[in-house]
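These notes concern the structure reproduced below.
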């Protein structure tokens, strides 16, 4: 296993450690007439930020040939990851999800946090008439004692993290259903990453919901692109493309363009940070996640320029 150049990573305020480095600087001689269809999990394809990162990495590696990026069928995160474990006849090739030690062991991680490590910083999407319930919460103990129920996806790694910290979690396997569950008071807070919630507000028809303005949950949770373990071609291409984007500054520009607005509008610097533990990371990813927490204030300043 290798590591990205620390200077390039530092320039993007990412961690200097990576879990794997499947590609080297050597160019792949595949021939200019090579064309491949690459299927991205539909949730990632529908996210302008994640889709643009995948396209950036693919565009940076023309020696692999041309490509068409396709949207997968609408399947749950658990099913998407199961598909990536299949040795053949998979219905998708790439998914971006939060990492765990188990996922790194069974899939091929492209171990650069796609959002600069922001997924582990979460705010609450709530019903407006529930805002009073969050006033006065200053710590994890306050949050536990409040009885606030947090909504999450059944297969999301956040679910066991929140439960391990003594919080009550209500789950459902389908992302879209969670919004209706919040509206129907099945839980009180839909915890969303600060790199996700602005997209939710603009594209998931949630005009009747608001972002709670005072709290910020923080735990180490890097989010990587994953390919099938046997699919070296896709993994190598994505890793090499992201390495080139790190080196030429286009990855830093992608971060600012994709997430700078959310950081400004969510007023992160003024929020109370409630820090949680994540016991489910590999050693390398734990280092990456903890570095993100330690660099929190500087990261906000960098991305909101």
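The values are calculated or read from the model by the stated rules, or taken from the named source; none is laboratory data. In this text, all values refer to a predicted model and were calculated from it rather than measured experimentally. Reconstructed Cβ throughout: ideal geometry from the backbone, glycine too, with neighbour counts over all protein chains shown.
Condition check for residue 84 on (1) touching a helix residue (DSSP H, G or I) at 6+ places or on another chain (Cβ under 7 Å); (2) buried (at least 16 other Cβ atoms within 10 Å of the Cβ); (3) in contact (Cβ under 8 Å) with a residue 60 or more places away in the chain; (4) closer than 21 Å to residue 240 by Cα: one failure, at (1).
Could you grab me the full set of residues in region 275-288 that are touching a strand residue (DSSP E or B) at 6+ places or on another chain (Cβ under 7 Å) and surrounded by 20 or more Cβ atoms within 10 Å (Cβ to Cβ)?
Initial filter on region 275-288 (touching a strand residue (DSSP E or B) at 6+ places or on another chain (Cβ under 7 Å)): 275-276.
The one that is touching a strand residue (DSSP E or B) at 6+ places or on another chain (Cβ under 7 Å) and surrounded by 20 or more Cβ atoms within 10 Å (Cβ to Cβ): 276.
Consider residue 109 carefully, then state whether it is closer than 28 Å to residue 261 by Cα and not in a helix (DSSP H, G or I).
Values: closer than 28 Å to residue 261 by Cα: yes; not in a helix (DSSP H, G or I): yes.
Against the criterion (closer than 28 Å to residue 261 by Cα and not in a helix (DSSP H, G or I)), residue 109 qualifies.
Count of region 35-54 residues, restricted to those that are surrounded by fewer than 15 Cβ atoms within 10 Å (Cβ to Cβ) and either touching a helix residue (DSSP H, G or I) at 6+ places or on another chain (Cβ under 6 Å) or not in a strand (DSSP E or B) (or both), is 2.
For region 220-229, the set of residues classified as modelled with pLDDT of 95 or more and assigned to a loop (DSSP other than H, G, I, E, B) consists of 228, 229, listed by residue number. Those residues that are in contact with a helix residue (DSSP H, G or I) (Cβ under 9 Å, 6 or more places away or on another chain) and either more than 28 Å from residue 286 (Cα to Cα) or surrounded by fewer than 20 Cβ atoms within 10 Å (Cβ to Cβ) (or both), I need them from region 67-81; list them, please. Listed by number, the residues that qualify are 67, 69, 70, 71, 72, 73, 74, 75, 76.
Could you please find all residues in region 202-219 being crowded, with 18+ Cβ neighbours inside 10 Å and modelled with pLDDT under 85? Within region 202-219, no residue meets the criteria.
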